[in-house]
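These notes concern the structure reproduced below.
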Amino acid sequence: MPDLSGFPALDVVIGMFFLYFLLSTVLSSITEAIANFLGWRAKTLEDAIRNLVDDPKVRRGLGEWVGRVGKRGVKEPSAAERERRALEEGKGVESESEAGVKVPADLTTAVLNHWRIKALVRDPESSVRRRRRPSYLPPRALSLAIAETLAKGAPHPRRARTQRAPRAPRGTRRRRAAPRKRRSRRTLRTPRGP
Amino acid sequence: MTPWQQANEDIFAGAQGALNKLPVGQVREVLQKAAANTAGTLDGFRVQVEHAFDDSMERASGWYKRKVQVVVLILAAVVAIGGNVDSVQVAQRLWKDAPVRAAVAAKAVDQADSQKVANAVDGVEQLKLPLGWDKPPERIGEIAPRIPGWLITIAALSLGAPFWFDLLSRLVRLRGSGAKPRERTLSEAPSG
């Protein structure tokens, strides 16, 4: 094949760059596979949220990404299980004394367990982080989760008022509750009535 | 009653109440600032939080890239040494061997024009360049002269595929034939 270009030096450079291009394409796909397997996107995202809200970073145990294989050997509950238990038992809740306001000790975990964010994850119960945590998070999901997580700890404005009221004797409380029930039933019926 | 059953105003009121109970620190400051600037609406609060989140995501993608870069560098070393991709040797071969040079350049032009990545591993094998080990090296004397070439390869590969593709496209344009005319589809054909 004759040399059409007449610029051998240019063709050498083009050839070298082409070789680099092909090889770095191979490299980037391997890297992507490794990062996927180790759940780096999810980890970076979680770390960034922790950084934003000033929570301590999570250290990844070996079982995090070994997952099912590791599950058989390890007796400890998985990270997901531990988090859920802590939330359910209220262990992750502190400073409850002040006017009934509960603030989760680990805000990030509580936020990431919010329904709006769990809905984005394939398998929220998994012990593997890349399946349990989202890799991408739309900002609107996070802002809603933060607001509602904070509000969840706070007493509901209306409920708070009834809680703080002095305890009434049984009979009066029941009587006070009854009309409210009846009212709600009536409001249900009226729009249907002729 | 869970927050998601409440109206937005109640959620905001609740969140604002909880804010002041947070431990003194960054979260409290970030969120208090957000709550203070919102004129008392949940949507305003959320927008402020989203801005803070966007900024930290920008940083986080920087962390992620740096982390990935380390892996790329290690893999580049494995490929360069394991596959004996000696940049110096390859360049010499291209310089001396006109048919190989023309074939490689033609493939490169083809690639840059079509803008699609064919099977890259096959592509490398078809280049007929002096890559790979014919036989395992026996003496240190065989390895030493190749080290500079390997280092060049490692440095080049760590720059990433998008960089090389971009550069390759520019050079191909410089080579003279110009951009390939786009094929017209039937619907674009001039009518009449």
Out of segment A:128-155, which residues are farther than 13 Å from residue A:115 by Cβ, at pLDDT below 75 and facing another protein chain (nearest Cβ under 7 Å)? A:153, A:154
Counting only residues in segment A:10-53 that are of a type in the set (Asp, Glu) and touching a Leu at 6+ places or on another chain (Cβ under 8 Å), the one farthest from residue A:113 (Cα to Cα) is identified as A:11
Among residues belonging to segment B:135-146 that are among the hydrophobic types (A, V, I, L, M, F, W, C) and loosely packed, with under 12 Cβ neighbours inside 10 Å, point out the one that is farthest from the chain's Cα centre (by Cα). B:140
Can you list the helices (runs of 4 or more DSSP H) lying wholly within segment B:1-112 that have 3 or more residues being more than 7 Å from chain A (Cβ to nearest Cβ) and modelled with pLDDT of 80 or more? B:42-82, B:87-96
Return yes or no: is residue B:86 farther than 18 Å from residue A:40 by Cα and surrounded by fewer than 18 Cβ atoms within 10 Å (Cβ to Cβ)? no
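The values are calculated or read from the model by the stated rules, or taken from the named source; none is laboratory data. Predicted, not measured: the structure shown is a model, and the values here were computed from it. In this analysis, Cβ positions are derived from the backbone assuming ideal geometry, glycine residues included, and neighbour counts consider all displayed protein chains.
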